[in-house]
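Notes follow the structure.
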Amino acid sequence: MTQVRHLLSRKGSQVFSINPQAMVLDAARIMNEHQIGSLVVVERGRVAGIFTERDVLQRVVGARLDPGRTPVAQVMTRQVICCRPQTPLEEVRGVFKSQRIRHMPVVDDHGRLCGLISIGDLNAWQLDGQAQEIHYLHEYIFGRV
C-alpha cells in the first residue's frame, strides 16, 4: 500500500511556510515567486493554519481588505486537515475529495511539519504509476525492445 512517505521521498519535503504575523501581501509575493498555491502557517514549530489562493480571493479580495495591512493570521484557514507519513495515499485522496481541499500538511508523530502534499502531487504520482504499468504490459506483450 502506497503511503504519503513514498510520495514525499520522491517529491521532497521542502515546505514553504510563513509566520501568522506576516502580511498577506508578503505571503502572496512568496506564493507568486515560487509558483505555489499555499503556504503553511507555522508558529512555534507547529502548524497554526494554512494560507491558500482561495483565502486570498474570498477573505482578502472579496472582503476588500488591504493585503499590505492584513496579517495572515486574520485570514488564514485555521482548521487544517493534516496527515502523517504513514497515511495511505488513497485515504488522502478521499479526504481531498470529501473536504474539497487541495493541500495537506504532513506532520510527524510529534505534530512537527515534515512535508506538504497537493492534489497535483497525487495526480502526478498516479500518472507515473500508470505510465510504468503500461510500459511493463507493453514489454510483457511484445517483449523487451
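The values are calculated or read from the model by the stated rules, or taken from the named source; none is laboratory data. This one's a predicted model, so the numbers in the text were calculated from it and none came from an experiment. Surface accessibility is based on the protein's heavy atoms, side chains included, excluding ligands, DNA and RNA. Shrake-Rupley method; radii C 1.70, N 1.55, O 1.52, S 1.80 Å.
Annotations for the structure displayed:
- Separation of alpha-carbon centers, the stretch 92-115 and the stretch 1-59, rounded to whole Å: 12
- Antiparallel DSSP beta bridges within the stretch 1-81, percent to nearest 5: 80
- When all protein chains stay in place and ligands, DNA and RNA are ignored, the 1.4 Å accessible-area order of 40, 80, largest first, is 80, 40.
- For the stretch 18-131, the spread of Cα coordinates along the three principal axes comes to 45, 31, 26 Å, biggest extent given first.
- Heavy-atom SASA rank of 65, 39 (probe 1.4 Å, accessible area, largest first): 65, 39
- Calculated accessible area for the stretch 46-102 comes out at 64 Å² per residue, all protein chains present (probe 1.4 Å; ligands, DNA, RNA ignored).
- Per-residue HN-Hα couplings for the stretch 22-35 [Karplus 6.51, -1.76, 1.60; θ = phi - 60°; Hz; x = Gly/Pro]: 5, 7, 4, 4, 5, 4, 4, 5, 5, 4, 5, 4, 9, 6
- Percent accessible area from carbon and sulfur atoms, the stretch 1-142, protein chains only, probe 1.4 Å: 50
- Rolling a 1.4 Å probe over the protein heavy atoms gives the stretch 1-42 an accessible area of 58 Å² per residue.
- Difference of contour (0.36 nm per residue) and Cα-Cα distance, residue 108 to residue 63: 12.7 nm
- Across the stretch 114-126, computed HN-Hα scalar couplings (Karplus, 6.51 cos²θ - 1.76 cosθ + 1.60, θ = phi - 60°) run 10, x, 8, 10, 10, 4, x, 4, 5, 5, 4, 4, 5 Hz from first to last residue, x flagging Gly and Pro.
- Note on residue 118: accessible area is roughly 20 Å² with a 1.4 Å probe, heavy atoms of protein only.
- Only helical runs count toward this figure. For the chain, summing -39,500 (n - 2.57) over DSSP H runs of n ≥ 4 and dividing by all residues gives -12500 deg cm²/dmol at 222 nm.
- Accessible-area value, residue 78, 1.4 Å probe, nucleic acids and ligands omitted, Å²: 140
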